[in-house]
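These notes are about the structure you will find just below.
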Amino acid sequence: MKGKQLLNDLQKRPGRYLGENTMKGIFVACALLSIITTAGIVLVLVFDAADFFRNVSILEFLTRTRWSPTIKPTEFGVLPLISGTLTFTFCTALIALPVGLLAAIFLSEYAGDRVRGFIKPALEVLAGIPTVVYGYFALVYITPLLRKILPGISTFNVLSASIVVAIMIIPTVASISEDAMRAVPNSLRLAGYGLGVTKFQVSTTIVLPAALSGIISSFILGISRAIGETMAVTIAAGNLSRIVNPLKPAEAFLEPIQTMTAAMVEIGTSDVTGDSVAYKSLFAIGLTLFLLTLVLNIISQFIKARYREKYE
């Protein structure tokens, strides 16, 4: 009877339901707006890239080893851009992922509440610094410092760009990994301590495997962030389109490269006309980059679903 009376009282308040329906409509509109925006971006990439591929074959685009969209003889081989992007991403991951994971282990397993409350926000501030600042920081400070250790390093190089972008994505890796590790039940840790193992062994053999899906997701999210970085890479790594040979580290990491994002910036700021093949190549690169990051996100979702631990 009390429940029925309460329902009758609520039904007598039309303003309450009007407010609820209004907020529901706003939430639905925001959700639809994000979907429509994403779909619009994808459609623009697909249609403009299709215009490009009417003039340049997909086979030529994917197999040619020279990228020169504005200087004759023009060639539109994306392999140098993919090679430079993957080399830069690999070098960045080599620096950022171990450091981010170790920082997450410290924050989750070793740091007290007061230390964690200070370090984690300070770490996340790094993600808020404009990327152009990172680029000039690499050019003005990191490269001269590296030149004292590696005299043959070029002014624009992969290593400096990788270091600053690694600094940018360490907060992402550390924060998400730390959240995943703190979600592991304390009962698992206590069971390990009951067996007489050390804190380090509990952290590496119990907590880390239990939080593996979240940690790998943070890795892939950080790598996706590095692949899509533009200004820091453009400023610090230069704009030299070349095939990178990973078997020659001095040439691969100490010389300038051109990534896909840097190539898009170069085309977008050049004097090419909007209906030219060179301008349309910008959308072909963008579509390639989109597909690359999409594959990484699909892999991340698969790993997260496959290795997620469920606790009572």
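Values in this text are rule-based calculations from the coordinates and carry no lab data. Note that the structure is predicted; figures quoted are calculated from it, not measured. Here the Cβ positions follow ideal geometry from the backbone for every residue, glycine too, while neighbour counts run over all protein chains shown.
Some points to look at:
- Estimated distance in nm for a label pair at Ile35 and Gln301, the labels positioned 7 Å out from Cα along Cα-to-Cβ: 1.4
- Computed helical MRE - 222 nm, the chain, DSSP H runs ≥ 4 contributing -39500 (n - 2.57), nearest 500: -22500 deg cm²/dmol
- Prolate/oblate/rounded call for the chain, Cα gyration tensor, a/c under 1.5 rounded: oblate
- Hz values of 3J(HN,Hα) by residue in region 237-247 - Karplus curve (6.51, -1.76, 1.60), Gly and Pro given as x: 9, x, 9, 9, 7, 7, 7, 8, 9, x, 6
- With a Förster radius of 41 Å applied to the beta-carbon distance between Ser68 and Lys148, the computed FRET efficiency rounds to 0.70.
- Note: relative contact order over region 174-312, using C-alpha pairs below 8 Å and six or more positions apart, is 28 percent.
- Hydrodynamic radius (Kirkwood) for region 165-311, which is based on Cα pairs only, to one decimal in Å: 18.4
- Each residue of region 259-271 is assigned a 3J(HN,Hα), and the resulting list reads 8, 5, 5, 5, 5, 5, 5, 4, 5, x, 9, 8, 9 Hz, derived from the Karplus form 6.51 cos²θ - 1.76 cosθ + 1.60 (θ = phi - 60°), x at Gly and Pro.
- Computed about the Cα centre, the dipole magnitude for region 38-152 is approximately 380 debye when only Lys and Arg (+1) and Asp and Glu (-1) carry charge, each at its Cβ.
- Here the Kirkwood formula, the inverse mean of 1/r across different C-alpha pairs, assigns region 92-133 a hydrodynamic radius of 11.4 Å.
- Averaging the sequence gap over all C-alpha pairs within less than 8 Å and six or more residues apart, then dividing by the number of residues, gives region 67-307 a relative contact order of 29 percent.
- Between Asn21 and Val115, the modelled label-to-label distance comes to 5.6 nm, taking each label 7 Å out from Cα in the direction of the beta carbon.
- A simple charge model with +1 on the Cβ of Lys and Arg, -1 on the Cβ of Asp and Glu and nothing else charged puts the dipole of region 132-240 at about 220 debye relative to its Cα centre.
- Comparing Cα centroids, region 218-272 and region 50-109 end up 7 angstrom apart.
- A simple rule links phi to the HN-Hα coupling: the Karplus curve 6.51 cos²θ - 1.76 cosθ + 1.60 with θ = phi - 60°, which for region 35-44 gives 5, 5, 4, 4, 4, x, 4, 4, 5, 4 Hz, with x for Gly and Pro.
- Amide hydrogen neighbours beyond the local backbone of Ser68, cut-off 5 Å, H modeled: Glu75, Phe76, Gly77
- Here the gap between Ser187 and Ser57, fully extended at 0.36 nm per residue and compared with their Cα-Cα distance, gives a gain of 40.9 nm.
- Net charge dipole, the chain: roughly 1000 debye, given to the nearest 20, about the Cα centre with Cβ charges of +1 for Lys and Arg and -1 for Asp and Glu.
- Simple spin-label estimate for Leu86 and Thr273 gives 3.7 nm between the two label positions (7 Å along the Cα-to-Cβ direction from each Cα).
- Listed residues Ala211, Tyr279, Leu139: farthest to the positive end of the dipole of the chain (Cβ charges): Ala211
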